[in-house]
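Here the structure is laid out as structure tokens; the discussion comes afterwards.
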Amino acid sequence: MGETEVLQTLPGDDVRQILWRLADRYDLQMLVQSARSVARGPVARLVAEGARSSHDWTPQKAQLLKAFDDAGLTAAFMDPEQGGFIAGPKNLALALIAFELAWVDAGAATCSLAGNLGLSPIHERGTPEQRDTYMRRAAPVQPGESREIWRAAFSLTEPIPYVGVETGLLGGKVRIIEWEDGKEPILQVDKRGRFITNMGFANFVTAAVDSGDPRIKGSCMVILEETDPGVFDRGAPTKKLVHQLSSTNDPVFSLKIPASRIIGGYRIKDGVLVPSYSHGEIIEAVFKRTRVTVGLMTAAKLLSAVEPIIRYQRGRFRGGESVSPGSPRYELGLQQREDALHRLIDVWATGEAASSLGFGAARLFDELDPLERQKGEVFAAQGVTGSAQMRAFRKIQKDALEFLSLAAAPESARDPQRFEALSEDTLVQYLVKDALAGVLCPACKLWNTGHGANMMREAVSLMGGYGITEDCPGFLGQKWMDAQLEATYEGPEAVQRRQLSVTMTNEVFLAQFKDWVLEMRAIAARKPGTGACTLASAMKLWLWSLNYLLQGTDADGTKLYLGTRQGVTFALADALCWLLASRYQILDLLELEAKGPENPVLAEGLPGIFQFLTDLCHVQAARGAGEVGRICAELVFGYQRHPAWDGECACAEPDPVDSLLAGKGLGELPVIKAGPCVRFGGMEEFVRLRAKLDGCLTGMRLAKDRAAGALTKVMIPEALDYPQ
Ligand SMILES: Cc1cc2nc3c(=O)[nH]c(=O)nc-3n(C[C@H](O)[C@H](O)[C@H](O)COP(=O)(O)OP(=O)(O)OC[C@H]3O[C@@H](n4cnc5c(N)ncnc54)[C@H](O)[C@@H]3O)c2cc1C
């Protein structure tokens, strides 16, 4: 490795803008700066002053709302005509805000985003009047205006034994209490909420309720205002251990509202009020997007841990008269120890992969949003509604698969007219992107927060005792605990795994996944050090295992891939997440390779950053491949009857390791060539793929050593750029 390929500084904004594709989005770059000034200013001061030590929503914490408004973070959710400043889709914008705020404190990020979550049912499925009214009220005050900004909360979860993971278990009820001829019905809404964010100050709530009246069909979501007649009781603050810069309460509502507050409107059929959308349809549209942002909060924490840990490690052994500046002990401190470096590399690589996956998902939703609107227009023009849309999509699926196979074929080998026609077909394009979004969103929420929380524990452990104190630089202890909430709210991991177990078997997704194997092979041929080869092999193993499990049965002849068999489906969903995270990390790296040289600011440091990020990709791909190998092996073999039970265990056959058991020393063990050593009928292919995968790990520890070496040389600032 040449001198130029040494990592000089931590990757800054110029690198991040390329990796996460906002190099040509000046508006987003400005938004990042605004969010950062709030995070590293007022938010960090609140945490440093100990504001997290109370459950209550205090005037001190409430200052955050004004800071968000003043910095443009509140308005970022709105369209320009509603008082916002970003035209078009805003998923990437909101993801960047969440990332910046969570870099310091995810409770503050949640506080900022919960207002959007409260508005989202109206934004996604509200009538034009509802959208106009509430989005405008929630927009920050414009010059010349004099009004209060309305804050929103989203109320789905109910006290036990009602709604939690199972969103169908609604205890909240809506009834008709007045319905004069020719007039709008008046509704009585009774709903209790549990753990409702923003509830300490929200002026209105979007609440999920079920019909408690034969004159109302099914469930719906309604808008409740604090001045509606009846009870709008904010309830007691939740005694959270986490995210104390957001407000969470258990509210009680018993209110009279006009039927026009049903989100999305309603029609009257045979004397029955039929809401346009069930609560399930609305929350699906909402969470489809918002969960990506949550995943990015944990990603931010992992990356934010790098600098404080390096600083801690370097300064750890500076005491004592014999330790003089310039000596390795003084300059490197704990960084003289390989394990401390290797573990930090694991934390960093996870943070990179989680960010790449999250921002990749956010960008995908920015592409999907306009297609979704156009899809609605196409179906409306054709008069296709409700379940007829599902039937229509079943026919379009064939076209979507054809489009994907043409897209994967060399240009010379495909029918250009057909390809162009399918490329411009809104419904085909929607189906292709929606299939991917249906996987990426839960994958990002599940892996970033779940595995991310585990890796935050690693980060905390690297700070020793400090890690679990309030004084820990970078607030790492709080970030670790906070990560567990991110894994829980907006649907815990079980919800994401359940969704993945359905969406990852969608043929339109799988067709894209198969192309990725070839894509990774091609990258590996050009850039072997990225881990793309390992990833391609792990993808093949996963695909083989999925195929086997979809068709296979266990030792008792029961089907393996069933919705009820979460031991199979959930584990396979976990395995897929590792693959996705690595793929997006590698693709971001290639973007840096392509665009980095165009940026003169980067020129000097680019080779070092590129080499380092390449090594992180390699380390992460290998770690992911190991997980995939383990999970797939457990699933493929784990449901078979062990041959020993039938008296013919292949494991009992002699092999070279037996000489060790017989008392030989380690050095005396004969070196054996790797190769499949089990002879399970029909599994040879799996064994071959797995052995190949192990072989693909070649060089990954060298990459880790190289990356660890870079950690000892990289320059970091003298101090963190936010108060501690
Ligand atoms: C600080 C905080 C803020 C929140 N903010 C809001 C908010 O603003 N609005 C709102 O509506 N809600 C909010 N929530 C609620 C949150 O979304 C729920 O807590 C979460 O969805 C899980 O529901 P539950 O706690 O009832 O868990 P349960 O439904 O009891 O699930 C507990 C566990 O059981 C297992 N499990 C449950 N069902 C299944 C299944 N089908 N398959 C496999 N395993 C399963 C899983 O391990 C799961 O994690 C908040 C929660 C907290 C803690």
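The values are calculated or read from the model by the stated rules, or taken from the named source; none is laboratory data. All figures in this text were calculated on a predicted structure; none of them were measured in a lab. Glycine also receives a Cβ, built like all others from the backbone with ideal geometry; neighbour counts cover every protein chain displayed. Surface accessibility is based on the protein's heavy atoms, side chains included, excluding ligands, DNA and RNA. Shrake-Rupley method; radii C 1.70, N 1.55, O 1.52, S 1.80 Å.
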Can you go through Gly333, Gly315, Gly360 and tell me which one is on the phi > 0 side of the Ramachandran plot and either touching a helix residue (DSSP H, G or I) at 6+ places or on another chain (Cβ under 9 Å) or surrounded by 18 or more Cβ atoms within 10 Å (Cβ to Cβ) (or both)? Gly333
Conditions: (1) in contact with a His (Cβ under 8 Å, 6 or more places away or on another chain); (2) of a type in the set (Lys, Arg); (3) assigned to a helix (DSSP H, G or I). Lys240 meets all but one. Number of the miss? (3)
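For segment 90-99, indicate whether the set of residues that are touching a strand residue (DSSP E or B) at 6+ places or on another chain (Cβ under 6 Å) and within 16 Å of the ligand (Cβ to nearest atom) is non-empty. Can you show your working first?
Within segment 90-99, the first condition is being touching a strand residue (DSSP E or B) at 6+ places or on another chain (Cβ under 6 Å), and the residues that meet it are none.
Checked segment 90-99: no residue is touching a strand residue (DSSP E or B) at 6+ places or on another chain (Cβ under 6 Å) and within 16 Å of the ligand (Cβ to nearest atom).
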If we keep just the residues of segment 126-165 that are open to solvent by less than 70 Å² (accessible area, probe 1.4 Å) and among the β-branched types (Val, Ile, Thr), which is farthest from the ligand (Cβ to nearest atom)? Val141
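In segment 206-219, which residue that is more than 10 Å from the ligand (Cβ to nearest atom) and part of a strand (DSSP E or B) is farthest from Gly280 (Cα to Cα)? Steps first, please.
Keep residues of segment 206-219 that are more than 10 Å from the ligand (Cβ to nearest atom), which gives 209-219.
Applying the additional criterion that residues be part of a strand (DSSP E or B) yields 209-211, 216, 219.
On the way: Val209: 10, Asp210: 11, Ser211: 13, Ile216: 16, Ser219: 8 Å.
My answer is Ile216.
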All-but-one check, Lys191 against (1) open to solvent by less than 10 Å² (accessible area, probe 1.4 Å); (2) more than 14 Å from the ligand (Cβ to nearest atom), failing number (2)
Of the conditions (1) in contact with a strand residue (DSSP E or B) (Cβ under 8 Å, 6 or more places away or on another chain); (2) open to solvent by less than 50 Å² (accessible area, probe 1.4 Å); (3) within 13 Å of the ligand (Cβ to nearest atom), Pro237 clears all except one; give me its number. (2)
In segment 7-23, how many residues are open to solvent by 30 Å² or more (accessible area, probe 1.4 Å) and either more than 16 Å from Ala362 (Cβ to Cβ) or in contact with an Asp or Glu (Cβ under 6 Å, 6 or more places away or on another chain) (or both)? 6
Taking into account only those residues within segment 24-58 that are open to solvent by 50 Å² or more (accessible area, probe 1.4 Å) and more than 17 Å from Leu73 (Cα to Cα), which is farthest from the chain's Cα centre (by Cα)? Glu49
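Would you mind stating whether Lys61 is open to solvent by 10 Å² or more (accessible area, probe 1.4 Å) and of a type outside the set (Asp, Glu)?
no
Only one of Ile216, Ile223 is in contact with a Ser or Thr (Cβ under 7 Å, 6 or more places away or on another chain), among the aliphatic types (A, V, I, L, M) and touching a residue at least 40 places away in the same chain (Cβ under 8 Å); which?
On the way: Ile216 fails: in contact with a Ser or Thr (Cβ under 7 Å, 6 or more places away or on another chain).
That would be Ile223, the only listed residue that is in contact with a Ser or Thr (Cβ under 7 Å, 6 or more places away or on another chain), among the aliphatic types (A, V, I, L, M) and touching a residue at least 40 places away in the same chain (Cβ under 8 Å).
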When you check Asp105 against the structure, is it within 16 Å of the ligand (Cβ to nearest atom), of a type in the set (D, E, K, R) and open to solvent by less than 20 Å² (accessible area, probe 1.4 Å), yes or no? yes
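If you take the residues in segment 695-715 that are part of a loop (DSSP other than H, G, I, E, B) and touching a Ser or Thr at 6+ places or on another chain (Cβ under 8 Å), which one is least open to solvent (accessible area, probe 1.4 Å)?
So the first thing to find is which residues in segment 695-715 are part of a loop (DSSP other than H, G, I, E, B), and the list is 696-699, 714.
Then keep just the ones that are touching a Ser or Thr at 6+ places or on another chain (Cβ under 8 Å); that gives 696-697, 714.
Numbers: Cys696: 20, Leu697: 57, Val714: 1 Å².
For segment 695-715, the residue satisfying everything is Val714.
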Identify the single condition in (1) open to solvent by 10 Å² or more (accessible area, probe 1.4 Å); (2) at pLDDT 95 or above; (3) of a type outside the set (A, V, I, L, M) that Cys111 does not satisfy, given that it satisfies every other one. (1)
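Out of the residues in segment 485-494 that are in a helix (DSSP H, G or I) and surrounded by fewer than 20 Cβ atoms within 10 Å (Cβ to Cβ), state the one that is farthest from the ligand (Cβ to nearest atom). Reasoning before the result, please.
Step one: list which residues in segment 485-494 are in a helix (DSSP H, G or I), which gives 485-488, 493-494.
Imposing the further condition that a residue be surrounded by fewer than 20 Cβ atoms within 10 Å (Cβ to Cβ) reduces the set to 488, 494.
On the way: Thr488: 6, Ala494: 3 Å.
Within segment 485-494, the match that is farthest from the ligand (Cβ to nearest atom) is Thr488.
Yes/no per residue for (1) over 20 Å from Pro442 (Cα atoms); (2) surrounded by fewer than 22 Cβ atoms within 10 Å (Cβ to Cβ); (3) out of contact with any Phe, Trp or Tyr (no Cβ under 8 Å at 6 or more places or on another chain):
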site	(1), (2), (3)
Ser501	no, no, no
Thr505	no, yes, no
Arg521	yes, yes, yes
Cys533	yes, no, yes
Asp554	yes, yes, no
Gly563	no, yes, yes
Trp578	no, no, no
